[in-house]
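Read through the structure below, which is laid out as structure tokens, and then see the notes.
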Amino acid sequence: MKKLTVLFALAASPALAAEGPFFSLKNPEFVVVIGFVLFLALLAYLKVPGLIGGMLDKRAEGIKSDLDEAKALREEAQTILASYERKQKEVQEQADRIVEAAKAESEIAATQAKEDLKASIARRLAAADEQITSAQASAVKEVRDTAIAIAVAAAEEVIAKKLTAADGNALIEDAIKDVAAKLH
């Protein structure tokens, strides 16, 4: 099928379609070839290929400068990104250090509070023990004083019942002598 298509394309070429000699002005294909050659000559005379080449070179330079600028901007962006990543890492490390310091300080404060609480409890227990000891001593003294008062009252009663006036005067005289002897 491909061979047949190529054969028909060659057979239908415009050069074969015209009648008469090819290098005649009556042959349209020849006129088209002359027009095309003149057009190419005019383009060459007006230096159109150079102008087109210059424009293409200028455009290529513009594209190259845009690419260079884009490359420089990309490198700058990567540098800035790396800088921000470093700063972010430093800030994160600083935040971690602050958190660790706060934890350590809170642990120290908690330990100090526990120690202060233990000391306060110990002081209160000591004060309570002192109050208990003082209350016991006061109670013992009160019981002793009461016992002494009762004993003195009982002794007075016994002495009053058994002691006569002469015996009482003799006891007073003896007491005065004892006091005089102790004072001198």
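The values are calculated or read from the model by the stated rules, or taken from the named source; none is laboratory data. Source: prediction; values computed, not measured. As a convention, Cβ positions derive from the backbone with ideal geometry for all residues, glycine included, and neighbour counts pool all protein chains shown.
Couple of notes before you dig in:
- Taking the stretch 142-172 as the range and being of a type in the set (D, E, K, R) and loosely packed, with under 10 Cβ neighbours inside 10 Å as the test, the residues that pass are Lys161, Lys162.
- Among the residues making up the stretch 22-36, those that are aromatic (Phe, Trp, Tyr) and part of a helix (DSSP H, G or I) are Phe30, Phe36.
- Some residue of the stretch 43-54 being out of contact with any Ser or Thr (no Cβ under 6 Å at 6 or more places or on another chain), assigned to a helix (DSSP H, G or I), of a type in the set (D, E, K, R) and modelled with pLDDT of 90 or more: no
- Some residue of the stretch 112-127 being among the polar types (S, T, N, Q), on the phi < 0 side of the Ramachandran plot and at pLDDT 90 or above: yes
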